[in-house]
Amino acid sequence: MLRLEIEGWIAQGEGDAAGAIERLEAAAELETSTPKHAVTPAPTLPAYELLGDLWLAQGQPEKVSRQ
């Protein structure tokens with residue numbers, strides 16, 4: 001998940017908006033489908049929160065409320 005999140009933000013920085021969304025959506029879906037033990041430390045930010053930040057950075061705030 002973390003690798004996909006980082007790759008997504010790298011893609012955004014390189015101007016690949018579609019690739020950035022694709023990677024962050026994959027990270028968010030993976031995070032949602034992965035069972036996590038109650039004592040496992042959480043990631044710095046949830047993947048869906050990062051995806052929302054990416055949509056805002058791309059000027060698409062209407063997509064943030066979809067999730």
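Values for this structure:
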item	result
Single residue of Pro35, Pro43 found to be in a loop (DSSP other than H, G, I, E, B), modelled with pLDDT under 85 and surrounded by 10 or more Cβ atoms within 10 Å (Cβ to Cβ)	Pro43
Segment 7-32, subset among the charged types (D, E, K, R) and not in a loop (DSSP other than H, G, I, E, B), residue modelled with the lowest pLDDT	Glu31
Verdict on Leu4 being surrounded by fewer than 15 Cβ atoms within 10 Å (Cβ to Cβ), at pLDDT 85 or above, assigned to a helix (DSSP H, G or I) and not basic (Lys, Arg)	no
Pairs where the first residue, in segment 4-18, is more than 10 Å from Leu54 (Cβ to Cβ) and the second is among the basic types (Lys, Arg), C-beta under 8 Å, 6+ apart	Leu4/Arg23; Glu7/Arg23
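The values are calculated or read from the model by the stated rules, or taken from the named source; none is laboratory data. Everything numeric here is computed off the predicted structure, so don't read it as measured data. Positions of Cβ are generated from backbone atoms using ideal geometry, with glycine treated the same way; all protein chains shown enter the neighbour counts.
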